Amino acid sequence: MINSLTNKFTPRANHILYVLGVERISKESQDELSLDDQEALLKQYIRQRYDGQIEFKSIKSQGSGEYLDRSELYEIERLIESRQLDVVICEDLGRICRRRRAYDLCELCEDHGTRLIALNDHVDTANDGWQDSAFISTWHHERSNRDTSDRIRRSLRNRFSNGGIIQTLIYGFIKPDGAKSDQDVYKDPEAEAIYEHWFTMLENGATYSDVADWLNKEGVHVGPGSRSGNWSCKMVKRVTYNPILKGLRVRNKKKSQRINRTGRRKSVDSPLEEILTRSCLHLAFINPDRYDRLIKMLDDRNKKYRRKGKNGKDTRKNISKKRTRFPGQMVECGICGRKYVFGGHGQKDHLMCDGARDHSCWNGVTVDGPLATEKILSAVLAEIEQLPDFDQKFLEKVHEESRRLDQDLINKQSQLERDIHRQEQEIENLLSYLRSGNTSERVSQDLKRLESEHKDNQLELSALKDKPHSTIEIPDITDLKDLARTNLLHLEVDSWEFRLLMQRLIPKIVVFPYQLCDGGKIVLRTRFRLFIAGLLENSGSRGTLQKPLERILTVDLFDPPQRAAYREAVIEVRQANPIGKKKKMEELAQTLGLTVTAMQYAVALHRKMNSLGITDPYMPITEPPESGKLRRHKHPRYQFTPLPHAGEI
């Protein structure tokens, strides 16, 4: 620990020393009182070396120091950059973060005139040569973590090879208290018949969902390590593929790999040489040969649903599921409010409501991804192409919006300045009361609250003053249309760049089920908000023009059948040429390129619309239909649970 300092603490202003203490524990199992102990140590250190008024702010957190995307770390950096802090203090740099990021934070403090002290690491940026101590400390923390990880890994591998390491077991196995090896574990006799029927069902062509339904119906309990009370499709598959069922224990199939950018870890396949196995035939429920035959049969049966990739390589490997092509992660079910995901009904280019997959929604209609992209893109371009020139009235509206935003900024600054002045007066009054020798727990609490609010307001005011006034650059309407054509037509629709652009224009695509008034297939229609200003790079212009250039569009995500697509043309031709004979009907049908039957269906649809008094042939479906292909609401697992925002665009 640092025992002496050559430099005294020097507040920036007002004789108040603003100190930020950083306390952290790694695991939930650690005692939270350790955070208070760290805070007490830091406060004591400061008070022993500064006699003036101190305002101490703590940031306490629980999480790994390797995680570089923690909100607490971002908050620490924001406070440093605000230039309001005099000192940042911690027990050691690892309490803030680890690796090179800790050293960078020291430099950030130096750049913004903030002193950083790490007690156990002998780091004080007010002293010459602090860089050496900081560098060595960050290296030491990294090496210690790596050495500890390697030691634990070696120990666990050795124990597994010697028959140990029995963790959570799946259904059908009983682990007595104190069991330390596979020899102490035994099979549940009741599970013999369950697994026999389970595997027989799969051999006869049953799906994982069929097995899950049977298990739930029979009241079979899930494994002791399951967080769910019921069997599911994923759980059945996971248990089926566990080789312990054939008497083979496997370890190290996966290992964690650090993502250096964030410090978090992801699970990856281990090299074959690192995978450990051991035989425990007394735990086998299924003959090994039969088990291997079934696994191969399941792999062959389901391989058609896997991604084919290109040149034998999976093009989506190591890519986040959120980093998907348009319109993935953007389509939302208007019935339950959940996301649509790719892979609807086994079709890789179709999207399906995630709630319907889990039997939480009855809307099982899928979206054809490429067709939806084509329809939405055409509608967006058509809407932009028909934008009128910006007239004087529109320009005045835009400038009024700009002035409103600037005035809101000025009003906010004035309000903060008044609040800060009032708080300073109240703080001074409370300090005068305490200096007179009076004591009061309530007054002390009020003083602490006021000082915290005063500091927050100062930070917010500083941020507002640094924010520039709105600079509005209104583009020519022709330039805006050219910008749309360039960006939307020249990008590959499957590219990530195209999706990012579309997300700026259309943050959310909400789909609703519809059906022709005379029956037929249920289809999807979308409503969404189009923010044309999203094409602009200037954030000020984009924010000011957002509302004036906002549009609400309705787009059909399907190709209509002939009777709906040609209805208006058929009625127009019939009205212009009254039909008296069948031959005349055939002539009119030929002029439209239709059959007589198709023409009659279109006329019948028009009559149905007239009888209902509607102008749109498609009607919304708001309740699960009693007939047709949508039957998820009739499944035993179905339980409709819509999200609060369902249906909002």
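The values are calculated or read from the model by the stated rules, or taken from the named source; none is laboratory data. Just so it is clear, the structure is predicted and the values come from calculations on it, not from any experiment. Note: ideal-geometry Cβ built from the backbone for every residue, glycine included; neighbour counts use all protein chains shown.
Quick look at the numbers
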quantity	calculated
Failed item in (1) at pLDDT 90 or above; (2) part of a loop (DSSP other than H, G, I, E, B), with Pro636 passing the rest	(1)
Search result, residues across region 509-558 that are farther than 21 Å from Pro642 by Cβ, aromatic (Phe, Trp, Tyr) and in a strand (DSSP E or B)	Phe531
Selection from region 92-104 of residues that are surrounded by fewer than 22 Cβ atoms within 10 Å (Cβ to Cβ) and touching a residue at least 24 places away in the same chain (Cβ under 8 Å)	Asp92, Arg98, Arg99, Arg100, Arg101, Tyr103
Residues of region 141-178 satisfying the condition of being among the hydrophobic types (A, V, I, L, M, F, W, C), outside any helix (DSSP H, G or I) and surrounded by 15 or more Cβ atoms within 10 Å (Cβ to Cβ)	Ile165, Ile166, Leu169, Ile170, Phe173
Odd one out for Ser137, checked against (1) touching an Asp or Glu at 6+ places or on another chain (Cβ under 8 Å); (2) surrounded by fewer than 14 Cβ atoms within 10 Å (Cβ to Cβ); (3) not in a loop (DSSP other than H, G, I, E, B)	(2)
Any hit, region 200-220, residues being within 17 Å of Phe285 (Cβ to Cβ) and in contact (Cβ under 8 Å) with a residue 60 or more places away in the chain	yes
Verdict on Leu108 being modelled with pLDDT of 90 or more, assigned to a helix (DSSP H, G or I), among the aliphatic types (A, V, I, L, M) and within 30 Å of His15 (Cβ to Cβ)	yes
Options Arg153, Arg101; residue that is under 19 Å from Ser64 (Cβ atoms) and assigned by TED's automatic domain parsing to the domain that holds Gln38	Arg101
Close pairs (9 angstrom Cβ cut-off, 6 or more residues apart or separate chains): surrounded by 10 or more Cβ atoms within 10 Å (Cβ to Cβ) in region 292-314, in a helix (DSSP H, G or I) and of a type in the set (S, T, N, Q) anywhere	Leu294/Thr240; Ile295/Thr240; Leu298/Thr240
Residue check for Asp368: touching an Asp or Glu at 6+ places or on another chain (Cβ under 9 Å) and buried (at least 16 other Cβ atoms within 10 Å of the Cβ)	yes
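Condition check ((1) surrounded by 13 or more Cβ atoms within 10 Å (Cβ to Cβ); (2) over 29 Å from Glu396 (Cα atoms); (3) free of Cβ contacts under 8 Å to residues at least 60 places away in the same chain) across all residues:
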{"site": "Gly437", "(1), (2), (3)": "no, yes, yes"}
{"site": "Lys455", "(1), (2), (3)": "yes, yes, no"}
{"site": "Ile474", "(1), (2), (3)": "yes, no, no"}
{"site": "Leu491", "(1), (2), (3)": "yes, yes, yes"}
{"site": "Trp496", "(1), (2), (3)": "yes, yes, no"}
{"site": "Ile506", "(1), (2), (3)": "yes, no, no"}
